[in-house]
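A.B. asks: This is the structure, below, for whatever I ask next.
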Amino acid sequence: MKIIMLGAPGAGKGTQAKQIADHYSIPHISTGDIFRANIKQGTELGKKAKEYMDKGALVPDELTCDLVMDRIKQDDCANGFVLDGFPRTIPQAEALENALNAIGQKMDFAIDVDVPDDNIIGRMSGRRACLNCGATYHIVSIPPKKEGICDKCGEPLVQRDDDKEETVKNRLSVYHEQTQPLINFYQERDILRTVDGTRPMEDVFSAIQAILGA
Ligand code: AP5
Ligand code: MG
Ligand code: ZN
């Protein structure tokens, strides 16, 4: 099963993608997580990506597309994968489509996790993330068992650099300009499904399971 998670920054793409990956035993591929891991390790890619991410802008397509195309060719993706945060522009969606076409494959579903802008700022300011294992929490709605510590790996939790209010506003406007057109793109291909992302996390996952089956 090959799935794309669509949705605004903070809509819950990562939260749901992790559950999908666990439940269906397929890899979770988050371009944001890959860039953040590179920033942490101080790689050349990380240095370049950080310039854009700190402003809330998109990392250029040429840095992003090859990375994903290489990743989905790996053995663990043979039974499918869930893409989180990619594609984010029409050229990225076309690159993905062409790469899959070339091997006689296509995406199965694009799931839009729908959350209005008004809900987003509060979610982002409360988000805490583990840079070690990628787990995400919210200080009010999804708190860790021990404050400031990751339940899964015990590392300290941090606030993401791009979760400041001004940057979040910029990420939202970038989303509306460059990523929202993908909703139409996948609607035309008849694989778009929408879930209400304002519901509690478990309900959103049930809605996704109803779409994906089993
Ligand atoms: P990325 O890391 O993808 O960030 P994003 O799209 O802005 O999305 P987020 O990760 O912020 O939100 P999410 O939807 O995953 O929500 P989450 O589950 O964490 O990208 C970061 C940057 O990298 C971009 O700005 C760009 O610069 C660059 N980049 C990445 N991919 C790129 C690409 N393809 N091309 C170019 N540039 C790229 O949830 C948010 C919060 O809400 C959490 O605290 C969570 O606990 C809470 N929450 C989740 N679900 C619920 C619920 N149902 N109810 C209540 N709270 C909830
Ligand atoms: Mg995310
Ligand atoms: Zn962790």
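The values are calculated or read from the model by the stated rules, or taken from the named source; none is laboratory data. Given the structure is predicted, the values throughout are model-derived calculations rather than measurements. Glycine gets a Cβ as well: all are built from the backbone with ideal geometry, and neighbour counts include every protein chain shown. For accessibility, only protein heavy atoms count, side chains too; no ligands or nucleic acids. Shrake-Rupley method; radii C 1.70, N 1.55, O 1.52, S 1.80 Å.
A.B. asks: Considering only residues of the stretch 1-23 that are open to solvent by 40 Å² or more (accessible area, probe 1.4 Å) and over 23 Å from Glu165 (Cβ atoms), which is nearest to ligand 3 (Cβ to nearest atom)?
C.D. replies: Of all residues in the stretch 1-23, those open to solvent by 40 Å² or more (accessible area, probe 1.4 Å) come to 1, 15, 18-19, 22-23.
Then keep just the ones that are over 23 Å from Glu165 (Cβ atoms); that gives 1, 18-19, 22-23.
Details: Met1: 26, Lys18: 12, Gln19: 16, Asp22: 15, His23: 20 Å.
Among those residues, the one meeting the criterion is Lys18.
A.B. asks: Where in the stretch 14-78 are there helices (runs of 4 or more DSSP H), lying wholly inside it, with at least 3 residues that are near ligand 1 (Cβ under 8 Å from one of its atoms) and under 26 Å from Arg128 (Cα atoms)? I'd like the intermediate steps shown before the answer.
C.D. replies: On the way: elements: 31-41, 44-53, 61-72.
So the answer is 31-41, 44-53.
A.B. asks: Just give me the residues in the stretch 129-172 being in contact with a Gly (Cβ under 6 Å, 6 or more places away or on another chain) and of a type in the set (S, T, N, Q), in sequence order.
C.D. replies: Listed by number, the residues that qualify are Thr136, Thr167, Asn170.
A.B. asks: Can you tell me how many residues in the stretch 174-214 are more than 17 Å from the chain's Cα centre (by Cα) and under 25 Å from Gly122 (Cα atoms)? First the steps, then the outcome.
C.D. replies: Going through the stretch 174-214, the residues more than 17 Å from the chain's Cα centre (by Cα) turn out to be 177, 184-185, 187-191, 199-200, 202-203, 206-207, 209-214.
Adding the requirement that they be under 25 Å from Gly122 (Cα atoms) leaves 177, 199-200, 202-203, 206-207.
Adding up the residues that qualify gives 7.
A.B. asks: Asp151 versus (1) open to solvent by less than 50 Å² (accessible area, probe 1.4 Å); (2) more than 30 Å from Leu192 (Cα to Cα): which is the lone unmet condition?
C.D. replies: Evaluating Asp151 over (1) open to solvent by less than 50 Å² (accessible area, probe 1.4 Å); (2) more than 30 Å from Leu192 (Cα to Cα) leaves (1) as the failure.
A.B. asks: Does Thr194 meet the test of being crowded, with 16+ Cβ neighbours inside 10 Å and within 16 Å of ligand 2 (Cβ to nearest atom)?
C.D. replies: Values: crowded, with 16+ Cβ neighbours inside 10 Å: yes; within 16 Å of ligand 2 (Cβ to nearest atom): no.
No: the conditions fail for Thr194.
A.B. asks: Taking the stated definitions as given, is Ala93 in a helix (DSSP H, G or I) and within 23 Å of Gly213 (Cβ to Cβ)?
C.D. replies: On the way: in a helix (DSSP H, G or I): yes; within 23 Å of Gly213 (Cβ to Cβ): no.
Considered against the rule, which asks whether it is in a helix (DSSP H, G or I) and within 23 Å of Gly213 (Cβ to Cβ), Ala93 comes out as no.
A.B. asks: Sticking with this structure for a sec: Step by step: first the residues of the stretch 127-148, then only those that are open to solvent by 70 Å² or more (accessible area, probe 1.4 Å) and near ligand 3 (Cβ under 10 Å from one of its atoms), then the one that is nearest to the chain's Cα centre (by Cα). Which residue is that?
C.D. replies: Leu131
A.B. asks: Continuing with the same structure: Keeping to the stretch 100-118, report how many residues are in a loop (DSSP other than H, G, I, E, B) and either under 20 Å from the mean Cα position of the chain (by Cα) or surrounded by 17 or more Cβ atoms within 10 Å (Cβ to Cβ) (or both).
C.D. replies: Here is the first cut: in the stretch 100-118, the residues in a loop (DSSP other than H, G, I, E, B) are 103-108, 115-116.
Going one step further and asking which of them are either under 20 Å from the mean Cα position of the chain (by Cα) or surrounded by 17 or more Cβ atoms within 10 Å (Cβ to Cβ) (or both), we end up with 106-108, 115-116.
Counting residues in the stretch 100-118 that are in a loop (DSSP other than H, G, I, E, B) and either under 20 Å from the mean Cα position of the chain (by Cα) or surrounded by 17 or more Cβ atoms within 10 Å (Cβ to Cβ) (or both) gives 5.
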